[in-house]
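Worksheet: the structure to be examined is printed underneath.
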């Protein structure tokens, strides 16, 4: 989902000063490094990684192979580079991924959430929540709807959403014999879409910043970035329809594609333990002969959410600006710092509750924390490789190359559709929805503006084309991110749900394509020619529901 890059220019200048090389020599060296940037070779590393992941269902070897190939291409594809590329992969790209402060924050708060889950599982808090939810979620339908409801309620950040909902609902869905694949789908397909659409989220601050800068470039002053973002919401067809689809799937119990087989296998299990064994993971059982109090998990998670929201407010507040709106506060907030504060507070509360009630000793608390961290290690390795591959794609100008393929042959009324597909392809290949947004919005907004001017549709009545095109970038990025096996949010969702990562991708893609198809055919295309987006959403939702009832199967 998110793309975090080091400032290569500054690093190059520092290295230049230390080495005493001339600027001309360094420029020549850099030109050799990225000799194939912006060519067809630029798309091969991510495609190779994706192909190997889907064929062999092994994401780490797939990412490593694509990454090494990409490093070899960056190095000029010399024969000797085949030997040095694996070394450079670890020495340069993996190290740089870890050196980035924001990425280090992601790793830390992911590990801390895992540790908090370990403590709350061991002190009986998670079992207490399961017991409470099971009083209502005592069926497959109710457990599925409860998962979707939790996903919609934690709207402020997709990372926190995936990790909290997946870890909390996993015991409940296991008890109801719902497959881990279904849980991962419900978690993943609510996290990014709601974060993309909600009025105050960490995503919105990023999106508004991109939109605002692009509007300044074209000289558009009638409305600010946030105002334009609000105008794009009705045109964000994929995130809206993806959320509707999760509710439909949960409410009807009907499935399509490989998900049906996964659900049948889970339902036919003879026990809860058998369901768990289907997707190997090391479970943390509550301490025997101790009470299972839900408050021991609710309070730490509530603390996490409260401190994160407070952190977003504190880090984004500008005391010198009395007219600062809530949107401005969130837009300026340091979400990574807030998430670190929240996870640390949650861990401390979980530990204190365990110690004060004498459910766990100090040593048992530490051991539970460490045991909770252990399942996160694999996901962190995958994230580091995915970030490294994104850095290679950035050097090879993969997204820019894809953009140039269609930028000069576009008709303005077909621009939103092609932009949606381009954003999806970019996010799919790089595994980063934020990266796709960051690259395409500065390019697409000026292209849209110039094309509208050239084709004589600069009247405000046609500004829906601008809103629809911007929304197509945002929505397409989420769509591609949902389909990509190297996406960090996809990885986190499968990790938090205890689901095999490739199985999660394989079972989610049909749903993503289902919602994406309706988004294009019933949403984007008609809206690009002036059809009401709200009416398009209603028609798409109805036809999508009828199609699910017609073709879907109940396990």
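The values are calculated or read from the model by the stated rules, or taken from the named source; none is laboratory data. Computed from a predicted model, the values in this text were never measured in an experiment. FYI the Cβ positions are ideal-geometry reconstructions off the backbone, even for glycines, and counts take in every protein chain you see.
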### Query
If you scan the stretch 424-478, which residues turn out to be crowded, with 24+ Cβ neighbours inside 10 Å and not in a helix (DSSP H, G or I)?
431, 432
### Task
State whether one or more residues within the stretch 206-229 are in contact with a helix residue (DSSP H, G or I) (Cβ under 6 Å, 6 or more places away or on another chain), modelled with pLDDT of 85 or more and closer than 23 Å to residue 521 by Cβ.
no
### Summary
Of (1) surrounded by 20 or more Cβ atoms within 10 Å (Cβ to Cβ); (2) out of contact with any strand residue (DSSP E or B) (no Cβ under 9 Å at 6 or more places or on another chain); (3) part of a helix (DSSP H, G or I), residue 182 satisfies every one except (2)
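Go through the residues of the stretch 147-164 one by one and say whether even a single one is more than 28 Å from residue 311 (Cβ to Cβ) and either modelled with pLDDT under 85 or buried (at least 22 other Cβ atoms within 10 Å of the Cβ) (or both). Lay out the reasoning, then the answer.
Restricting attention to the stretch 147-164, the residues satisfying the condition of being more than 28 Å from residue 311 (Cβ to Cβ) are none.
Within the stretch 147-164, not a single residue is more than 28 Å from residue 311 (Cβ to Cβ) and either modelled with pLDDT under 85 or buried (at least 22 other Cβ atoms within 10 Å of the Cβ) (or both).
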### Residues of the stretch 137-153 satisfying the condition of being over 20 Å from residue 193 (Cβ atoms) and in a helix (DSSP H, G or I)
140, 141, 142, 143
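Here are some residues: 332, 296, 321. Which one is within 28 Å of residue 131 (Cα to Cα) and either touching a residue at least 12 places away in the same chain (Cβ under 8 Å) or in contact with a helix residue (DSSP H, G or I) (Cβ under 8 Å, 6 or more places away or on another chain) (or both)?
Every option except 296 fails the conditions.
A quick yes/no check of all residues on (1) assigned to a helix (DSSP H, G or I); (2) within 17 Å of the chain's Cα centre (by Cα):
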residue	(1), (2)
114	yes, no
118	yes, no
135	yes, no
155	no, yes
173	yes, no
191	yes, yes
217	yes, no
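Can you tell me which residues in the stretch 65-77 are in a helix (DSSP H, G or I) and more than 11 Å from residue 93 (Cβ to Cβ)? Give the steps one after another, and end with the answer.
Of all residues in the stretch 65-77, those in a helix (DSSP H, G or I) come to 65-74.
Correct list: 65, 66, 69, 72, 73.
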## Note on the structure
Note on the stretch 112-135: residues farther than 10 Å from residue 297 by Cα and modelled with pLDDT under 85 are 113, 114, 130, 131, 132, 133, 134, 135
### Summary
Exactly one of 251, 269 is at pLDDT 85 or above, surrounded by fewer than 18 Cβ atoms within 10 Å (Cβ to Cβ) and either farther than 30 Å from residue 365 by Cα or over 22 Å from the mean Cα position of the chain (by Cα) (or both), and that residue is 251
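Can you give me the number of residues within the stretch 526-550 that are touching a residue at least 12 places away in the same chain (Cβ under 8 Å), surrounded by fewer than 17 Cβ atoms within 10 Å (Cβ to Cβ) and out of contact with any strand residue (DSSP E or B) (no Cβ under 8 Å at 6 or more places or on another chain)?
6
Inspect the stretch 500-520 for any residue being part of a loop (DSSP other than H, G, I, E, B), surrounded by 24 or more Cβ atoms within 10 Å (Cβ to Cβ) and over 14 Å from the mean Cα position of the chain (by Cα) and give the result as yes or no. Before you say what the answer is, go through the steps one by one.
Step one: filter the stretch 500-520 for residues part of a loop (DSSP other than H, G, I, E, B), giving 500.
Of the ones still in play, those that are also surrounded by 24 or more Cβ atoms within 10 Å (Cβ to Cβ) are none.
Checking the stretch 500-520: not a single residue is part of a loop (DSSP other than H, G, I, E, B), surrounded by 24 or more Cβ atoms within 10 Å (Cβ to Cβ) and over 14 Å from the mean Cα position of the chain (by Cα).
Residues in the stretch 240-247: is at least one modelled with pLDDT under 80, touching a helix residue (DSSP H, G or I) at 6+ places or on another chain (Cβ under 7 Å) and on the phi < 0 side of the Ramachandran plot? I'd like the intermediate steps shown before the answer.
To start, the set of residues in the stretch 240-247 that are modelled with pLDDT under 80 comprises none.
No: zero hits.
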### Summary
Exception for residue 202 within (1) closer than 20 Å to residue 335 by Cα; (2) at pLDDT 80 or above; (3) under 18 Å from the mean Cα position of the chain (by Cα) falls at (2)
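Just one of 76, 81 is surrounded by fewer than 24 Cβ atoms within 10 Å (Cβ to Cβ) and on the phi > 0 side of the Ramachandran plot; which is it? Break it down into steps so the answer makes sense when it comes.
Numbers: 81 fails: on the phi > 0 side of the Ramachandran plot.
On inspection, the qualifying residue turns out to be 76.
Between 353, 312, which is in contact (Cβ under 8 Å) with a residue 60 or more places away in the chain, part of a helix (DSSP H, G or I) and over 27 Å from residue 195 (Cα atoms)?
Values: 312 fails: over 27 Å from residue 195 (Cα atoms).
Just one listed residue meets the conditions, 353.
Examine the stretch 50-63 for a residue that is surrounded by fewer than 18 Cβ atoms within 10 Å (Cβ to Cβ) and under 27 Å from residue 404 (Cα atoms), and state whether such a residue exists.
Taking the stretch 50-63 first, the residues surrounded by fewer than 18 Cβ atoms within 10 Å (Cβ to Cβ) are 51, 54-58, 60-61.
Next, from what is left, pick out any that are under 27 Å from residue 404 (Cα atoms): 51.
Checked against the condition, which is being surrounded by fewer than 18 Cβ atoms within 10 Å (Cβ to Cβ) and under 27 Å from residue 404 (Cα atoms), the stretch 50-63 yields at least one hit.
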### Summary
So, first residue on the phi < 0 side of the Ramachandran plot and touching a residue at least 40 places away in the same chain (Cβ under 8 Å) in the stretch 382-396, second residue crowded, with 24+ Cβ neighbours inside 10 Å and outside any helix (DSSP H, G or I), Cβ within less than 7 Å, six or more apart or across chains; the pairs are 386/431; 386/486; 389/486; 390/431; 390/432
### Task
For the stretch 293-301, state whether one or more residues are modelled with pLDDT under 85 and either over 20 Å from residue 351 (Cβ atoms) or not in a loop (DSSP other than H, G, I, E, B) (or both).
yes
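Would you check if there is a residue in the stretch 31-41 being part of a helix (DSSP H, G or I) and modelled with pLDDT of 75 or more?
Initially, the stretch 31-41 is screened for residues part of a helix (DSSP H, G or I), giving 31-33, 40-41.
With the extra rule that they be modelled with pLDDT of 75 or more, the set shrinks to 40-41.
Yes, there is a match, as at least one residue in the stretch 31-41 is part of a helix (DSSP H, G or I) and modelled with pLDDT of 75 or more.
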